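First up is the structure itself, then whatever we jot down about it.
The values are calculated or read from the model by the stated rules, or taken from the named source; none is laboratory data. Owing to the predicted nature of the structure, the values given are computational and were not obtained by experimental measurement. With ideal geometry, Cβ positions are generated from the backbone for all residues, glycine too; neighbour counts draw on all protein chains shown.
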Amino acid sequence: MPISVHVTGADYLRFLPEIVLTVFGVAVMMLEAVASQGKKSSLGVLALVGIAIAFAANLWAYTDGGAAFESMIVVGGYGTFFRALVLVVGFLCILTSFSYLEREGAQTGEYYALILFSLVGQCILSTANDLIMVFIGLEISSIATYILAGFLRDDRRNNESALKYFLLGSFATAFLLYGIAWIYGLVGSTNLEEIRRILAQGAPISPIAGLAAALMFVGFGFKVSIAPFQVWAPDVYQGAAAPVSAFMSAGPKAAAFAIFFRVFMISFRPINDRWVWLVWGCALATMIIGNFAALLQTNVKRLLGYSSIAHAGYVLIALTASSQVGVAAAMFYLASYALMNIGAFAVVSHVAARNERYVKIEDLAGLGRREPATAALLAIFVFSLIGVPLTGGFFAKFYVFQAALNSHLVWLTVLGLINSAIAAYYYLKIIVAIYMHDPGTATTELPPPSAGLRVAIWASALGTLFLGIFPGTLLSFVSYSARALR
Amino acid sequence: MNLLAATLAVPLIGFFVVLFVPRGKAPFFAALTATVVAFFVSLGLVAPAAASGSQFTSVVNASWVDTPGLRIRFHLGIDGISLWLVLLTTLLVPIAVWISRTMIKERQKNFFALLLLFEFGIIGVFSALDLFVFYVFWEVALVPMYLMAGGWGGSRRGPAAVKFFVYTMLGSVLMLASIIYLHSEAGTFDYVEIMNAIGSGRVTLAPSQQMLLFLGFFAAFAVKVPIFPLHTWLPDTYTEAAMPATFLLAAVMSKMGAYGLIRYCLTITPAAAHRCATWVAVLAIIGIIYGALIALMQSNIKRLLAYSSISHLGFVVLGIFTLSQQGADGAVYQMIAHGISTGALFLLAGYLEERRGSLEIADFGGIATSAPGLATAFMVTLFASIGLPALCNFIGEFLVLQGAALTKFSWAAWAATGVILSAAYMLWMYQRTFFGKANERAGTFTDLSARDWAPVMPLILLMVWLGSYTQSFMPPIDSAAAHLLEQTNMNNQYRVELAHPVPSQLAEAARAH
């Protein structure tokens, strides 16, 4: 069958953020070869410029939204939101990386290029409207992230982290691909809306479609680290460099959730009653495993790793609600989670010192006396992770539970809320350390935070507070954009 | 400018000022100025609230979040019940600032900032008329108190404060579930709108729904009061926290729970409140007797006062769940009286601790001779606390017992043993501390200075005023409580007689109203 594709300028405009990021990523790679050793950090600045331009391109593309390249991608509020989110995540992570890489003696252009390439994949995932694009986006994003996880080549933990992530990640992607193949075999199309249309027609194929959905659930479940596919997350977050952990727990996760929701809320909506109980159980298991395992941790990065599992569980509650309110709640949740988590990881990377010697909870002891401002900002992130009002974390939890109750998920709501109260226990260990203990060796030798780090921490904190005090703006946008998934 | 908004804004402004002034004396003066100004501003709330009694006055109503599906209004107001609780707060926080100057030895600036944030939260809790806003203030008050209790005080303060936070949080999340559930039923968070909707029959909550809602709210309030058997966080937290924090925990924060019970549990879920009244009253009576018995065995003054607080708060809860006018009046009166008398007791205990470096009863003895002023002040406060006539606690406890007797006589009989026991443990403690042979190990014991008297005097005056001239305080409480009970009974009746729906004209009229 001859394929005739009609491509217009609008198609390119809607794909412009990805194009910009790719151009800048390649440019950083090329300049890496010619830049002198002392100038490598300027490549990071170039990457920041690239992200800023991509951000503007994203907004421009939104003004002329719609499907592009024969409905391979679709640009609307939903996609634009997630593109913007992952771009902000990338921006903040690069800001925290400057001083980190300097300290570890690993200042290279590749690092920034890899972040840009990873962002390309995540942007594609945000707007993908076809299972082929889903696969391509997931692979671009993942392969770059695998390398980032093991970026400090001489570090044993980094290598372990990368290897684990890579092996398990590839395995999960295989599941996803197998699911895609089944779906294509069943309905003869990879377009998300087309799949929905055909699934909505007939009962005979729906049992097998349910199986295909389960296979894809495994693939996505791994990427967003939900139980029972969460085992890799604490090891990988602990082993990877702190800014990379911040990046992995916020960006790729948000993008994977974006496509997870899109596929399940659009394509598999007709067979909703087959998967919603599975998601119910996974949401509960994820919260319980994440929170209870976190109770026992002494390493802050590992603790944040488990906490990120627990937070994935809360987002999954929003999917269980399978309503537009649920989608909007998940969008809001991922945005505020990204900000508070990057902030927390940024402070950890600051205190960790060379070779990440100080990443135990007790190493934060006395931070409140040594660096009152940094400590206060960390406290804001931690209270937001707990879900205390006037922070983004609270409103996020609130919307998720509201969505769940609107869909009459009373027990899941109550159990989720009790989980969030139990979680307070381990988060408070951080607060106890920074405010209620005397300074230890880690904090007494602490150099002041670098400018980039400070900007990243302040921006995350202000964002977290803004979402907590004036949630209206973002909430209107997400509840408007969530209509795309119906 | 709206005085309630001003009362709320002043501590918040003070908080930011304290954050940005340099260390040293400046934070103290900034905090003192802000809290004193807040107190004088709050005095302006009295006249309108006293005039109207049952209606909400000084109302603030502004839009906070306005999106389709979620509308939250920043809605605050004061009636006869919240009036005195707001005033109690604005009176006691400056006193806490005053005593912190000597009792808090390090990082004073942080402490003052937290103190102001705490005041902001508490005033919000007592005046919120939107359940969402109420929850926000509820938690905003919790965080600074957690940081104060955990940051300053005894060596085991960290774990004690975490226990306090997690306990409270477990209760509050269940309240949050109830609030969201109520929103999905009534379509609004606004307390006044919800009451109108229930009153006019637009929203009806089935008994099973009411029970769920009631239990969610009750969990949060019962932990905060605390009601037996949820009290286990209290002795540790009270004992380990620094004295100014304990002072506020006992005098102000314990009223949050009781206020929630009377404001929300009775009116929103009247059927469930009626159904559970007996159980709650029994728990309250167990708390009264249990707290008093344990207090009898304590060797540490601070721990003794903590358990006595559990006992006294039992009266408040009992009064509320007699569901009678006397009981409710007495409960609210007892909240104020308890705030002042227990606050003063902790304050004086703080002076004892400053002078001796310990609060073990065994370390004291015979100090009345060297510190007659302190002994006298302690004596008066102690008499107020055990409910001697003409002092503040007498009125509250008497009314509560009267209400209890009217509802069920055996309740009053059991609860009255608590009064006797409180006289026993208090007087025994006083005797061992102030009389008898002077402790040899101890050096000289200085009496109260003018600076120490300053916060004590107004409290003693208030104990006498509250105890001897109830007319100044009772009318607004009485009319607000009457209105509240009327709503409770009407909504309960209406629910019971659901078989005969209200004629539509009546519902229409209510809507128009």
Q | Residue count for segment A:299-353, restricted to those that are within 20 Å of A:PHE257 (Cβ to Cβ) and outside any helix (DSSP H, G or I) | A | 2
Q: Look at A:ALA442 and say whether it is surrounded by fewer than 22 Cβ atoms within 10 Å (Cβ to Cβ), away from chain B (no Cβ under 11 Å), touching a helix residue (DSSP H, G or I) at 6+ places or on another chain (Cβ under 7 Å) and over 30 Å from A:VAL325 (Cβ atoms).
A: yes
Q. Could you say whether any residue in segment B:189-196 is within 23 Å of A:VAL410 (Cα to Cα) and out of contact with any strand residue (DSSP E or B) (no Cβ under 7 Å at 6 or more places or on another chain)?
A. yes
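Table: residues versus (1) part of a helix (DSSP H, G or I); (2) among the hydrophobic types (A, V, I, L, M, F, W, C); (3) modelled with pLDDT under 85.
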residue	(1), (2), (3)
B:GLY319	yes, no, no
B:LEU347	yes, yes, no
B:ARG355	yes, no, yes
B:GLY373	yes, no, no
B:VAL380	yes, yes, no
Q. When you go through B:THR470, B:THR488 one by one, which is the residue that is modelled with pLDDT under 85, closer than 30 Å to B:ALA349 by Cβ and surrounded by 14 or more Cβ atoms within 10 Å (Cβ to Cβ)?
A. B:THR470
Q.
When you scan segment B:210-221, do you find a residue that is more than 20 Å from B:ALA177 (Cβ to Cβ) and within 14 Å of the chain's Cα centre (by Cα), even just one?
A. no
Q) Among the residues of segment A:26-73, how many are within 15 Å of A:ILE124 (Cα to Cα), in contact (Cβ under 8 Å) with a residue 40 or more places away in the chain and assigned to a helix (DSSP H, G or I)? A) 5
Q) Yes or no: A:SER420 outside any loop (DSSP other than H, G, I, E, B), over 27 Å from A:THR286 (Cα atoms), within 8 Å of another protein chain (Cβ to nearest Cβ) and not hydrophobic (A, V, I, L, M, F, W, C)? A) no
Q. Given the conditions (1) of a type outside the set (A, V, I, L, M, F, W, C); (2) modelled with pLDDT of 90 or more; (3) surrounded by fewer than 22 Cβ atoms within 10 Å (Cβ to Cβ), which single one is not true for B:ARG156?
A. (2)
Q: Kindly establish whether A:VAL414 is in a helix (DSSP H, G or I), out of contact with any Pro (no Cβ under 6 Å at 6 or more places or on another chain), more than 8 Å from every other protein chain (Cβ to nearest Cβ) and more than 18 Å from B:ALA161 (Cβ to Cβ).
A: no
Q | Residues (of a type outside the set (A, V, I, L, M, F, W, C), in a helix (DSSP H, G or I) and within 17 Å of the chain's Cα centre (by Cα)) located in segment B:222-245 | A | B:LYS224, B:PRO235, B:THR237, B:TYR238, B:PRO244
Q. Given (1) aliphatic (A, V, I, L, M); (2) closer than 25 Å to B:PRO144 by Cα; (3) within 11 Å of chain A (Cβ to nearest Cβ), where does B:ALA222 come up short, assuming only one miss?
A. (3)
Q. Since B:SER127 meets every condition but one in (1) surrounded by fewer than 24 Cβ atoms within 10 Å (Cβ to Cβ); (2) more than 10 Å from every other protein chain (Cβ to nearest Cβ); (3) of a type in the set (S, T, N, Q), which condition does it not meet?
A. (1)
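Which residues, taken from segment B:321-335, are assigned to a helix (DSSP H, G or I) and surrounded by 24 or more Cβ atoms within 10 Å (Cβ to Cβ)?
Within segment B:321-335, the first condition is being assigned to a helix (DSSP H, G or I), and the residues that meet it are B:321, B:325-335.
Residues satisfying the conditions are B:PHE321, B:GLY327, B:ALA328, B:ASP329, B:GLY330, B:ALA331, B:VAL332, B:TYR333, B:GLN334, B:MET335.
Yes or no: A:LEU296 among the aliphatic types (A, V, I, L, M), more than 28 Å from A:ALA84 (Cα to Cα), modelled with pLDDT under 95 and not in a helix (DSSP H, G or I)? Explain how you work it out, then say what you get.
Details: among the aliphatic types (A, V, I, L, M): yes; more than 28 Å from A:ALA84 (Cα to Cα): yes; modelled with pLDDT under 95: yes; not in a helix (DSSP H, G or I): yes.
Yes.
Can you say whether B:VAL173 is within 10 Å of another protein chain (Cβ to nearest Cβ), farther than 27 Å from B:GLN108 by Cα and surrounded by 22 or more Cβ atoms within 10 Å (Cβ to Cβ), as far as the supplied structure shows? So that I can check it myself, show each step before the final result.
Details: within 10 Å of another protein chain (Cβ to nearest Cβ): yes; farther than 27 Å from B:GLN108 by Cα: yes; surrounded by 22 or more Cβ atoms within 10 Å (Cβ to Cβ): yes.
Spelling it out, B:VAL173 is indeed within 10 Å of another protein chain (Cβ to nearest Cβ), farther than 27 Å from B:GLN108 by Cα and surrounded by 22 or more Cβ atoms within 10 Å (Cβ to Cβ).
With a cut-off of at least 3 residues that are buried (at least 21 other Cβ atoms within 10 Å of the Cβ) and within 17 Å of the chain's Cα centre (by Cα), name the helices (runs of 4 or more DSSP H) lying wholly within segment A:174-284.
Answer list for segment A:174-284: A:206-223, A:232-239, A:242-262.
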Q | Residues that are of a type in the set (Val, Ile, Thr), more than 10 Å from every other protein chain (Cβ to nearest Cβ) and within 19 Å of the chain's Cα centre (by Cα), drawn from segment A:449-486 | A | A:ILE457, A:THR464
Q: Would you mention how many residues in segment B:264-301 are crowded, with 23+ Cβ neighbours inside 10 Å and either modelled with pLDDT of 90 or more or among the aliphatic types (A, V, I, L, M) (or both)?
A: 14
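Taking the stated definitions as given, is B:HIS231 out of contact with any Cys (no Cβ under 6 Å at 6 or more places or on another chain), in contact (Cβ under 8 Å) with a residue 24 or more places away in the chain and within 14 Å of chain A (Cβ to nearest Cβ)?
Working: out of contact with any Cys (no Cβ under 6 Å at 6 or more places or on another chain): yes; in contact (Cβ under 8 Å) with a residue 24 or more places away in the chain: yes; within 14 Å of chain A (Cβ to nearest Cβ): no.
Taking the combined requirement at face value, the residue does not satisfy it.
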(Q) With touching a helix residue (DSSP H, G or I) at 6+ places or on another chain (Cβ under 9 Å), modelled with pLDDT of 90 or more, closer than 21 Å to A:PHE135 by Cα and not aromatic (Phe, Trp, Tyr) as the only criterion, which of A:GLY179, A:GLY210, A:GLY188 stands out? (A) A:GLY179
Q: Would you check which residues across segment A:373-382 are buried (at least 24 other Cβ atoms within 10 Å of the Cβ) and without any contact (Cβ under 8 Å) to a residue 12 or more places away in the chain and list them?
A: none
Q. Among the residues of segment A:390-407, is any closer than 23 Å to B:LEU19 by Cβ, more than 14 Å from chain B (Cβ to nearest Cβ) and buried (at least 23 other Cβ atoms within 10 Å of the Cβ)?
A. no
Q: Mind listing whichever residues of segment A:366-389 are at the interface with chain B (Cβ under 10 Å from one of its Cβ atoms) and among the aromatic types (Phe, Trp, Tyr)?
A: A:PHE383
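Only residues that are outside any helix (DSSP H, G or I) and either surrounded by fewer than 21 Cβ atoms within 10 Å (Cβ to Cβ) or not aromatic (Phe, Trp, Tyr) (or both): list them for segment A:139-173, please. Spell out the reasoning first.
Residues of segment A:139-173 that are outside any helix (DSSP H, G or I), as a first pass: A:150-155.
Across segment A:139-173, the qualifying residues are A:GLY150, A:LEU152, A:ARG153, A:ASP154, A:ASP155.
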**Q.** Filtered residues of segment B:136-151 (kept if within 22 Å of the chain's Cα centre (by Cα) and either outside any helix (DSSP H, G or I) or within 7 Å of chain A (Cβ to nearest Cβ) (or both))
**A.** B:VAL136, B:GLU139, B:VAL140, B:VAL143, B:LEU147, B:GLY150
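Tell me which residues, restricted to segment B:153-185, are part of a helix (DSSP H, G or I), of a type in the set (Gly, Ala, Ser) and more than 20 Å from B:VAL140 (Cβ to Cβ).
First pass over segment B:153-185, keeping only residues part of a helix (DSSP H, G or I): B:157-185.
Pick out the ones that are also of a type in the set (Gly, Ala, Ser) and you get B:158, B:160-161, B:171-172, B:177-178, B:184.
B:GLY158, B:ALA160, B:SER184 - these are the residues of segment B:153-185 that are part of a helix (DSSP H, G or I), of a type in the set (Gly, Ala, Ser) and more than 20 Å from B:VAL140 (Cβ to Cβ).
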